[in-house]
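So the structure is just underneath, and the comments pick up after that.
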Amino acid sequence: MAGGREKLSFLLVEDDVEYAEFLRLLVETCYEDATIDSAADVAGALTRLASRPYDICFLDHLLGEETGLDVLRQADATHVPTAFILLTAHAKQDVARQALELGALDYLTKWRFARFEFERSVSYALYRRRKELEFQRSALRDPLTGLGNRELFHEQVRMLAAQARRRTGCFGLLYIDIDGFKDVNDAHGHSVGDELLRQIAARILGRARESDAVSRVGGDEFVVVLSDVRDAEAAAAVARDIEAAIAEPYAVEGIGIVIGASVGCALFPDDATDVEQLTRAADARMYERKKLKPAKPAAAP
């Protein structure tokens with residue numbers, strides 16, 4: 001914080017040297033201790049954006065033979081934390097509309113804005129981007145456990161699969177089903193069942209590694225994406241550890257509960273190179289493991 005304001009980072013994408021210097025001076029005047037980087041073309045802007053997250057990117061519309069709209073498209077501006085503000089020499093509505101559709105949060109007409117309008121645009125863009133990202137995050141979270149939901153799980157697996165294909169790497173997937181959960185719910189009610197699920201989620205998180213992703217994808221079904229795993233045995237070791245953690249006794253609203261879990265493992269690309277097939281393989285192995293288990297009491301006497 002500086003002078004009661006947070007320290008902001010800016011990226012200035014402008015091919016006019018004189019105007020780029022004007023922007024830099026304006027940022028320095030309005031935002032004490034701001035960090036400022038610059039780029040003069042689309043390739044430079046994308047390189048900068050890939051290197052670190054920026055709070056604000058001022059983006060010139062015309063960049064040689066390309067445009068700021070190309071940056072918005074290729075940077076996937078609607079999903080990154082950076083708030084983009086388009087700068088146009090002429091306030092053409094069709095350009096502004098396209099920029100907003102591609103993820104820009106505001107636009108300014110070059111040379112025609114005062115300091116108040118400049119600061120207003122920055123404040124508005126920052127507020128809107130943060131609210132949008134909060135909404136995106138909440139839409140991808142399970143409200144009961146706080147874990148990722150099914151949509152976030154699929155997004156994470158698709159991303160890891162793409163990375164693994166590029167680098168000839170691998171990753172693991174664990175599909176977890178809670179044994180006897182329906183009996184607990186039926187015997188003790190949904191409040192006990194909900195609290196039990198929260199405790200189970202916490203135990204899975206506690207045994208997963210920092211680089212792994214945990215999601216709840218059904219009523220009593222969880223998945224763990226092992227982002228960096230050597231082989232099937234390493235994945236199976238994590239699965240056994242999670243099963244053991246879930247099997248430890250619980251105390252929920254004064255009720256002693258003993259419950260188990262069945263975990264199925266699948267490895268990319270050994271078991272499947274398609275996300276849906278990989279999930280089905282882990283799910284099938286989970287059911288195979290469940291069939292081998294003797295029935296256990298859901299609640300302690």
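The values are calculated or read from the model by the stated rules, or taken from the named source; none is laboratory data. These figures come from a predicted structure and were not determined experimentally. When we count neighbours, we look across all protein chains shown, and the Cβ atoms used for this are built from the backbone with ideal geometry, even at glycine.
The number of residues in the stretch 132-168 being in contact with a strand residue (DSSP E or B) (Cβ under 8 Å, 6 or more places away or on another chain) and of a type outside the set (Phe, Trp, Tyr) comes to 15.
Residue 271 meets all of the listed conditions (1) touching a residue at least 60 places away in the same chain (Cβ under 8 Å); (2) touching a Leu at 6+ places or on another chain (Cβ under 8 Å) but one, namely (1). The residue list 77, 83, 45 contains one member that is without any contact (Cβ under 8 Å) to a residue 60 or more places away in the chain, among the small types (Gly, Ala, Ser), under 18 Å from residue 133 (Cα atoms) and in contact with a helix residue (DSSP H, G or I) (Cβ under 6 Å, 6 or more places away or on another chain), which is 83.
State whether the residues of the stretch 198-205 include one that is crowded, with 19+ Cβ neighbours inside 10 Å and within 20 Å of residue 228 (Cβ to Cβ). Checking the stretch 198-205: at least one residue is crowded, with 19+ Cβ neighbours inside 10 Å and within 20 Å of residue 228 (Cβ to Cβ). Could you tell me how many of the residues in the stretch 105-118 are at pLDDT 85 or above and surrounded by 14 or more Cβ atoms within 10 Å (Cβ to Cβ)? The total comes to 7.
Yes/no per residue for (1) surrounded by fewer than 12 Cβ atoms within 10 Å (Cβ to Cβ); (2) in a strand (DSSP E or B); (3) within 17 Å of the chain's Cα centre (by Cα); (4) in contact (Cβ under 8 Å) with a residue 24 or more places away in the chain:
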| site | (1), (2), (3), (4) |
| --- | --- |
| 120 | no, no, no, no |
| 124 | no, no, no, no |
| 128 | no, no, no, yes |
| 131 | yes, no, yes, no |
| 161 | no, no, yes, yes |
| 173 | no, yes, no, yes |
| 177 | no, yes, no, yes |
| 183 | no, no, no, yes |
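When 156, 136 are checked against the criterion of being at pLDDT below 90, surrounded by 17 or more Cβ atoms within 10 Å (Cβ to Cβ) and within 30 Å of residue 224 (Cβ to Cβ), a single residue qualifies: 156. Sort through 101, 21, 6, 32 and tell me the only one that's modelled with pLDDT of 90 or more and loosely packed, with under 15 Cβ neighbours inside 10 Å. Checking each option against the conditions leaves just 21. Has the stretch 80-93 got at least one residue that is buried (at least 17 other Cβ atoms within 10 Å of the Cβ), touching a Ser or Thr at 6+ places or on another chain (Cβ under 7 Å), closer than 26 Å to residue 29 by Cβ and at pLDDT 90 or above? Looking for residues that are buried (at least 17 other Cβ atoms within 10 Å of the Cβ), touching a Ser or Thr at 6+ places or on another chain (Cβ under 7 Å), closer than 26 Å to residue 29 by Cβ and at pLDDT 90 or above, one finds at least one in the stretch 80-93, hence yes.
If I ask for residues that are in a loop (DSSP other than H, G, I, E, B) and either more than 18 Å from residue 139 (Cα to Cα) or touching a His at 6+ places or on another chain (Cβ under 7 Å) (or both), which ones from the stretch 210-226 would you list? Walk me through it before giving the result.
Within the stretch 210-226, the subset in a loop (DSSP other than H, G, I, E, B) is 210-212, 217-220.
Correct list: 210, 211, 212, 220.
Look at the stretch 30-41: where a residue is over 26 Å from residue 62 (Cβ atoms) and a partner is part of a loop (DSSP other than H, G, I, E, B), sitting 6+ places away or on another chain with Cβ atoms under 6 Å, you get 32/3; 33/7.
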